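What follows is one structure encoded as structure tokens, with my remarks underneath.
Throughout, read-outs are computed from the coordinates displayed, never taken from laboratory work. Quick caveat, the model's predicted, so the values are computed rather than measured. Don't worry about glycine lacking a Cβ; one is built from the backbone with ideal geometry, like all the others, and counts go over all protein chains shown.
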Amino acid sequence: MNTVFLKIANGECVERKRIPHLAFSDFRDGAISIVDSGGKVVQFFAYQDRGAIKMICILRNQKHLYVAECDAPERYPSFTVDKEPFHMFEREIAEQYGILPEGHPWLKMVRYHPNFRGVEDVFGNDYTKDIPGNYDYYQVDGQEIHEVAVGPVHAGVIEPGHFRFNCIGERVLNLEIQLGYQHRGIETLILGADQKRWPFILENNAGDTSVGNSLCYSQAMEALTGRSADEGAGIIRVIALELERLSNHTGDLGALSGDVAFLPPANYCGRMRGDFLNMTLVLCGNRFGKCLVRPHGVRFPLTDDIRQTLQERLAELKPQVKHVIDLLFSTSSVMSRFEDCGVVSRDDAEHLGLVGPAGRASGLSYDVRRDFPKEHYTSLAIPGNAKPSGDVYARARVRADEMIQSMEIVESLLKSPANTTCVGNDPLVLSPSAFVVTLNEAWRGELSHCVLTDEKGKILRYKIKDPSFHNWNGLSMALRDTGISDFPLNNKSFNLSYCGFDL
Amino acid sequence: MMIESILFYVGAIIVAPFFSAVILKVKAFFGGKKGPPLLINYYTLIKLLKKGSVYSTSTTTIFKLGPIVSLCAVLTVLMFLPIAGVKPVFSFKGDIIFVLYLLGLGRFFTIAAAMDTASPFEGMGAAREANFPIICEASFMMILVLFYKMTGNFNLSSWFSDTQPMTLWQSAGSPLIFVVISLFIILLTENARVPVDDPATHLELTMIHEVMVLDHSGPDFAMIEFGAFMKLFFYATLIARLICPFNTGHLAVDVSVFAGAILMVYVAAGITESVMARYRMDRVSKFVMTSFALAFFATILTLEFIG
């Protein structure tokens, strides 16, 4: 086992001087050896500290998190050549700080913005021009090859993203995805914003993951201020996060059903998604759980009235959800569309480092709630949920299973009162020269925030990693050799975030 | 008699959008919703007609010609259709071939207009639209062979007007059941219904028919929609006459019986759409092929019976 990297815990405040500062070659070897023995990349980014650029890498294996940093060279031999999970992270570093990973197999822009340092652009882009700038899409030659470009403006009401298909007839040879249309610069915005604005900026990073994002942020702030939330708040947070998972998974199942033109579940799921959102509304006055989770606790209590209302609604919804799931999976025409469609093998999923439901559908049972639990998850038993087939069916089934489990979790937590003292807007005094990384299993998978502070306790770098950052390439992989008409179905089965990715 | 035929022709044109809305109602019912009003299609047509059309600068006259030709083709087709057993406006020996190729002409111009936009989606939709109806045409031809074999006539009115459908049943009962199923599959395919196509989807990559008309707007789009309603009415009439071949001679009774039968066809289409998902694109041709197999089988059977 690698011992050069420092072993840390989820949400643990670490003094920055304790983070091993390695020579580049040791840093690279150490990171690669951890990934080699089954580890995955949680975060890998660069930051600027008093003029010097440093690279910091947070890795995980089955049990622990590891961290180390090094001085960033202007160009370095790419990690991706040896280990694919670094792929997106290296591109991101190249874009944000103009550091060139030499030999990177597919060096292209991630979000299309000038780098933070104002040095020469790695991609040779002129940012006054529209995406894709100085970039030729991946091309396939041949008489029967045709190229289909979809987006960034889509027929439905969805977020903007550009998809480029190389097809032979109806069969997709390659799908290239270009995002960045919603880049708002959240990571830099945080540094200049007053701390009262932090929670609002962060929970709106991706509106459908408000609870997940505010939870990651709050845990990071709790670590940096050394004051944790009470037990009752931990329970309310779990309820909110599970309700978020429920509403989104329900919506996804309905959308999957709608995409194969099977209407009854699509309609019922649409209604039930609203019911779950309304449960969050009862909890905190906002359907998406905004303003509920804040550093050191929650802003709204779980009164006995609310508890009873939620229990009643859940008791009413549970049989309905089960019924719709049964209807969906027992319809043979639906199953014939779901099964063997867009298969991502376990090997590919390992290489790409898929997380969340998409990863579990390909047999990777990793779940932050079980592997790095925080809040009340420490005393909950979260099942594995891994499915072997890696197809649309598996991704739908994982969601269905998680819906049942989440309802059971919420049900059990509502049985006993959760007493908590609601928090206000106390100013945060962060410990100086500190580092913290928080992970949570948001409904799309491992969501992670990482905060570094300087000597004065000001935020030096705020790094957000949405699970979609790992999974977009999984969608690309799923589409290989699949009919182009199955793209919407596959896309929905992943249902990744555009704005969470674009930051 | 001629006046009556023309009145029925005009009547059919007027009620066609209404029946299409029945499908929407049935689907809404299965989905636990109220659904749009039954007159929704008229509102849509009026709304579209009030709008202006937008033409891409890269398109040519072909693009503008597409909706007009396909609408006119269907309007002409209906003139040959015996509605509720009443003799059609026009009829001549072999008119069914003319009718089929008029429908083909309409499709050709829709495809040509789609190709004219040079959009990758529309090209894809055109390829699909050209692919599946070929099989439909083959099974339709097979049905014609069967009908010709049974009656010795070769025009629509000799098979579908007055008491003729009853005669068909009497001469070859059981194979005609196959013909009804086969025609229903053709109806679903030709009119872009589930399980072949999904008229409700907004996902351009999965569409067949809808994607070809994405660039049409305003009155042009109204013509396409109107044509689609009437095309569906055409196929539904054929099936309705077969499943309900009675003809009492009293016009009012016949019309209500016919209206009930055609309503059944539309409701059946709506139920089909509600209870099943659509097929994967590469399975669709197998499904459509079933219609050919059934028609073929029916013909073989009657060859045996009639000799």
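Straight-line cross-link reach from residue A:492 at under 13 Å between alpha-carbon atoms covers these aspartates and glutamates, not counting any fewer than eight positions away in the same chain: A:159, A:252, A:259, A:391. For the pair segment B:235-251 and segment B:180-232, the centres of their Cα atoms are 25 angstrom apart. Summary of the geometry: segment A:64-82 and segment A:317-395, compared by the centres of their Cα atoms, lie 32 Å apart. According to the Cα-based calculation, Rg over Rh for segment A:66-204 is 1.02, with Rh computed by the Kirkwood formula. Dividing the C-alpha radius of gyration of chain B by 2.2 N^0.38 Å, with N its residue count, gives 0.98. A Gaussian network model of chain B, with springs between Cα atoms under 10 Å, assigns the largest mean-square fluctuation among B:296, B:92, B:109 to B:92.
Taking 20 °C and 1.002 mPa s as conditions, chain A diffuses translationally at an estimated 92 µm²/s according to Stokes-Einstein applied to its Kirkwood radius (Cα pairs). Peptides A:287-295, A:212-220, A:158-166, ordered by how many other C-beta atoms sit within 10 Å of their residues on average, highest first, read A:212-220, A:287-295, A:158-166. Taking other C-beta atoms within 10 Å as the exposure proxy, A:501, B:98, B:121 rank B:98, B:121, A:501 from fewest upward.
Convex hull volume of the Cα atoms of segment B:250-307, normalised per residue: 120 Å³. With each label modelled as a point 7 angstrom along the Cα→C-beta vector, the residue B:65-residue B:14 pair spans 3.4 nm. Less than 22 Å apart at the alpha-carbon level, and either on another chain or at least 8 residues along: which lysines does that give for residue B:27? Excluding near neighbours in sequence, the set is B:231. Each residue, residue B:264 and residue B:4, gets one label point 7 Å from its Cα in the Cβ direction; the gap between the two is 2.3 nm. Between the C-alpha center of segment B:48-67 and that of segment A:88-144 there is a gap of 39 Å. Values of log10 I(q)/I(0) for segment A:64-116 across q = 0.22, 0.25 Å⁻¹ run -0.84, -1.02, by the Debye formula with one identical scatterer at each alpha carbon and no solvent. If the chain linking residue A:200 and residue A:365 were pulled fully straight, counting 0.36 nm for each residue of separation and taking away their Cα-Cα distance, it would gain 56.2 nm. For residue A:74 and residue A:326, the difference between the fully extended length at 0.36 nm per residue and the C-alpha to C-alpha distance is 85.1 nm.
By other beta-carbon atoms within 10 Å, ranking A:242, A:176, A:339 with the fewest at the front produces A:339, A:176, A:242.
With +1 assigned to the C-beta of every Lys and Arg and -1 to the C-beta of every Asp and Glu, and no other charges, what is the dipole magnitude of segment A:251-306 about the Cα centre in debye, to the nearest 20?
On the way: 6 positive and 5 negative charges, 54 e Å.
For segment A:251-306, the charge dipole is close to 260 debye.
Bridging of residue B:50 to lysines at a Cα separation below 19 Å is possible for B:64, once same-chain residues fewer than 8 apart are set aside. Note on chain B: GNM, Cα springs under 10 Å; of B:240, B:268, B:84, the largest mean-square fluctuation is that of B:268. Looking at segment B:1-124, the pairs of alpha carbons with a distance over 17 Å make up 70% of the total. Counting only other chain Cβ atoms within 10 Å of each residue's Cβ, the peptide B:124-136 averages 1. For segment B:186-307, the spread of Cα coordinates along the three principal axes comes to 47, 38, 26 Å, biggest extent given first. Over segment B:1-68, the ratio between the Cα radius of gyration and 2.2 N^0.38 Å evaluates to 1.57. Working value for segment A:1-83: equivalent-ellipsoid semi-axes of 19, 17, 10 Å, each the square root of 5 times a Cα gyration tensor eigenvalue, largest first. Each of A:154, A:323, B:209 was scored by other Cβ atoms within 10 Å of its Cβ. Arranged with the fewest first, they read A:323, A:154, B:209. Taking each of A:318/A:415; A:63/A:458; A:54/A:463 in turn, the alpha-carbon distance tops 24 angstrom for A:63/A:458.
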